[in-house]
Amino acid sequence: MSYFKILGLEKEPFSTSPDPEFFYQSQEHKSALYRLRIAIELRRGLSLVLGDVGTGKTTLSRKLSQLLAEDPGLVMAMVLNPVYESEKQFLSDLSERFHIVVDSGNGSAPTLLDYMKSFEKFLFEQGVQQDKTVVLLIDESQKLSEPCMEILRTLLNYETNEYKILQLVLMGQMELLPRISRINNLWDRIAVKYFINPLEEDEVRELINFRLHKAGYVSREPLFDDAAVRAVYNHTQGYPRKIAMLCHDALEYTVMYNKRRVDRQVIHDLVQREMKAAQAFRYVSQAAG
């Protein structure tokens with residue numbers, strides 16, 4: 001039997017997979033979603049969401065994708081790992097995601113120019129003639145090469161008198177910021193600039209309770225007492241991914257040692273165990289080096 005079923009849960013509550021169902025919307029995440037949806041609805045062009053590793057950007061992107069998929073007037077593609085060897089490979093992948101037929105016209109393999117012309121035709125057919133909103137959402141955008149960034153800058157040039165034809169949402173780590181600022185005529189085009197910060201202590205409590213509730217926990221007695229929540233916050237500093245990992249270990253610990261709930265001592269023991277494992281790893285690495 002899975003450990004979470006022993007605790008009266010129906011699902012794993014603290015998986016680190018970006019499941020939109022378990023996406024706790026802090027004030028910052030709610031604000032980010034709201035601003036992104038407004039920018040897309042008004043077809044303002046480029047939106048940028050930045051945050052450190054583990055702040056919930058990928059889950060935010062999945063939630064946004066889920067919400068946008070419900071709109072029949074919208075055409076969307078999502079890229080999760082934008083690593084490409086060339087601009088041509090990048091445009092080829094985007095063409096497949098948007099179901100764009102690219103033809104060189106002479107039977108040979110399409111060139112970069114063929115891809116650009118086909119994508120331009122697609123944008124004007126969908127975004128102008130059919131009046132649909134075309135959205136490209138790219139997660140882990142810091143992985144984009146400079147040539148691919150230039151391709152995106154070019155695609156953002158397509159516009160009518162009223163709106164940008166392509167709605168581009170870039171989500172990435174903070175290292176993306178200086179790269180974008182160095183690209184001519186791109187920084188000033190960003191309609192939404194949003195920086196996601198870690199959670200506050202009360203939001204950590206809300207996240208834990210939210211995920212437990214989504215996993216089927218119905219008891220009035222909390223699984224994490226106040227001291228445990230405070231300890232989780234102090235150790236993770238409010239980073240959602242770290243919170244999920246620590247809380248997962250804490251629930252396993254309670255089952256293993258037949259405890260009724262997670263208290264401060266449980267978190268303390270897990271943190272100490274983590275520190276010892278890290279020290280051992282460093283020792284082995286140094287010895288091997």
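So if R0 is 22 Å, what FRET efficiency would M256 and A277 give, r being the distance between their Cβ atoms, rounded to the nearest 0.05? According to the calculation, E is roughly 0.85. Between the helical axis of 87-97 and the longest alpha-carbon principal axis of the chain there is an angle of about 80 degrees. Counting only GluC sites (Glu not before Pro) that DSSP places in a loop and that have at most 14 other Cβ atoms within 10 Å, the longest clean stretch of the chain runs over 201-289. Mean residue ellipticity at 222 nm, helices only, the chain: -15000 deg cm²/dmol; runs of at least 4 DSSP H residues each add -39,500 (n - 2.57), and the sum is divided by the number of residues. With a Förster radius of 45 Å applied to the C-beta separation of D52 and S104, the computed FRET efficiency comes to 0.55. The Cβ shell under 9 Å around R189 holds other residues with a net charge of +1, Lys and Arg each +1, Asp and Glu each -1. Distance from the Cα centroid of segment 210-234 to that of segment 117-142 is 43 Å (rounded to whole angstrom). Taking all protein chains in place and a 1.4 Å probe, what share, in percent, of the accessible surface of segment 88-153 do carbon and sulfur account for? With neighbouring chains kept in place, the figure for segment 88-153 is 48 percent. Each Lys or Arg adds one and each Asp or Glu takes one away; over the other residues whose Cβ falls under 14 Å from the Cβ of L113, this sums to -1.
Across segment 220-236, computed HN-Hα scalar couplings (Karplus, 6.51 cos²θ - 1.76 cosθ + 1.60, θ = phi - 60°) run 6, 7, x, 6, 10, 7, 4, 5, 5, 4, 4, 5, 4, 4, 4, 7, 8 Hz from first to last residue, x flagging Gly and Pro. For T133, the residues whose amide H sits under 5 Å from its own are L74, V75, ignoring neighbours fewer than 5 places away on the same chain, with H placed 1.01 Å from N. Evaluated with a Cβ-only charge set (Lys, Arg +1; Asp, Glu -1), the chain carries a dipole of roughly 540 debye about its Cα centre, given to the nearest 20.
Per residue, the solvent-accessible area of the chain (1.4 Å probe, heavy atoms of protein chains only, all protein chains present) comes to 53 Å². Positive contributions from Lys and Arg (+1) and negative ones from Asp and Glu (-1), summed over other residues with Cβ under 11 Å from the Cβ of S92, come out at -3. Legend: calculated FRET efficiency, R230 to I183, from the Cβ-Cβ distance at R0 = 25 Å, rounded to 0.05, equals 0.05.
Whole-Hz Karplus values for segment 62-76 come out as 5, 5, 4, 4, 4, 5, 5, 5, 7, 8, x, x, 10, 10, 9 Hz, taken residue by residue from phi with 6.51 cos²θ - 1.76 cosθ + 1.60 and θ = phi - 60°; glycine and proline positions read x.
The values are calculated or read from the model by the stated rules, or taken from the named source; none is laboratory data. Keep in mind that this is a model prediction, so the values were computed, not measured. Please note: Cβ atoms are built from the backbone with ideal geometry, for glycine as well, and neighbour counts cover all protein chains shown. These area figures cover heavy atoms from the full protein model, side chains too; ligands, DNA and RNA do not enter into them. Shrake-Rupley method; radii C 1.70, N 1.55, O 1.52, S 1.80 Å.
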